[in-house]
1. Per 0.36 nm of contour for each residue apart, how much would the distance between Glu322 and Asp194 grow if the chain were fully extended, relative to their Cα-Cα spacing?
2. Give the dimensionless ratio obtained when the Cα radius of gyration of the range 29-113 is divided by 2.2 N^0.38 Å.
3. Which of Asp187, Asp66, Asp261 comes first, and how do the rest follow, when ranked by fewest Cβ neighbours within 10 Å?
4. Viscosity 0.692 mPa s, temperature 37 °C: Stokes-Einstein D of the range 126-244 from its Kirkwood Cα radius, in µm² per second?
5. Counting chymotrypsin sites (Phe, Trp or Tyr not before Pro) as exposed when in a DSSP loop with at most 16 other beta carbons within 10 Å, what is the longest stretch of the chain free of them?
6. Largest first and in whole Å, what are the equivalent-ellipsoid semi-axes of the chain based on the Cα gyration tensor, each being the root of 5 times an eigenvalue?
7. Please order Arg332, Arg274 by the number of other Cβ within 10 Å, starting at the fewest.
8. Where the eigenvalues come from the Cα gyration tensor of the range 171-318, what are the semi-axes √(5λ) of the equivalent ellipsoid, largest first, in whole Å?
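Nothing in this text is a laboratory measurement; each read-out follows from the coordinates by a stated rule. Being a predicted model, the structure only gives us computed values, none of them experimental. Here Cβ is always computed from backbone atoms with ideal geometry, including for glycine, and neighbour counts include all displayed protein chains.
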Amino acid sequence: MNHLNVGIVGLGWVAGAHIDAFKAVTGADVTAVCSRRNHDDAELSAQFGTPLKSCVDYGDLLADPDVHVVDICTPHPFHADQAVAAAEAGKHLIIEKPIALTPTDAVRIQSAVEKAGVCVCVCFECRYSAHFTMIRSVIDQGLLGDLHYAEVDYYHGIGPWYGQYGWNVKKDMGGSSLLTAGCHALDALLFFMDGKVEEVTSYSTKSSSPHFAPYEYDTTSVSILRFEGGKRIGKVTSSIDCLQPYYFHVHLVGSEGSLLDNRFYSHKLDGLDRSRWSTLETSLIDSGDVQDHPYEPQFQAFVDSINGGGPMPLTDMHTAYESHRVVFAADRSAAEGRSVRLDEVD
């Protein structure tokens, strides 16, 4: 097994969560960081509890032959250029979501990655959570039958009390409610439903609360997805202007049963009380704190895929790109007041 050195660009709180996660990953370590600020390497290493060397120039990070993976943790609008440059430098990539704020930039990344032949892990890490692993297992074992409806909703008030609020309120930084955060819910719906989305209809609005007044874009959206074949539909709400505890809502409806968050009912199991939900004990996704996100199993799968010469499971570039295409279609639908077919987004 080749030991991989990871260089992180962008030294905010997400980067800190990535560094901590890699401490538990076999076969890789974070060894370098690129930040806008100058850092004393000894102090930086002591702060994060692992040996780190730092630089200010991103070109220096890309030119370092001892860095095998570039982990992009900068604000959203920087992701595309940095990802393309890293791919062209022959570096494997970890990209925080969203990969880009426009379809054109998403295509640029995918093209650069394909040309360079590097491996990519996009941080839709919820697919690696115990909660989503359990849900996927219930689906795969046929306990819900054929799914015909799903709703996955993201409720997380990103107000002045939240770390990224200062830059997230700007349209050219946050992008949209879905791009900046709710894409986790949309990606989850696609993970559960399988198949391709054919058309999206979306509406958006904004809270009147003064906490969210600085936002330059609508902060709540509802998107209806129609899948190919026309017999399956889904709904995604993305609300980053809600005043409530964090809530990641999942409701799946199939021909043999239904699942609601961590509860379910199935005709496949004899003896269940149809008047009550049965509870599946698992760790729910119930926090927006990146320290609680399941980066460790995702990053381990990424390292193993590189060393094994196989594809990245679940959150590879192609899969993430398809999720972003649906996001872009939803945002276009809300902006133009019409349904948008996925073949309009490329």
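1. Working: separation 128, 0.36 × 128 = 46.08 nm, distance 1.16 nm.
Length gained between Glu322 and Asp194: 44.9 nm.
2. Numbers: Rg = 13.4 Å, N = 85, 2.2 N^0.38 = 11.9 Å.
Rounded to two decimals, the normalised Rg is 1.13.
3. Numbers: Asp187 26, Asp66 9, Asp261 19.
With the fewest neighbours first, Asp187, Asp66, Asp261 line up as Asp66, Asp261, Asp187.
4. Working: Rh = 15.4 Å.
The calculation lands on 214 µm²/s.
5. Values: sites that count: Trp161, Tyr162, Tyr246, Trp277.
The longest uninterrupted stretch comes out as 1-160.
6. Values: eigenvalues 221, 110, 81 Å².
Equivalent ellipsoid of the chain: 33, 23, 20 Å, largest first.
7. Values: Arg332 17, Arg274 6.
In order of increasing Cβ crowding within 10 Å: Arg274, Arg332.
8. Details: eigenvalues 153, 112, 68 Å².
Result for the range 171-318: semi-axes of 28, 24, 18 Å.
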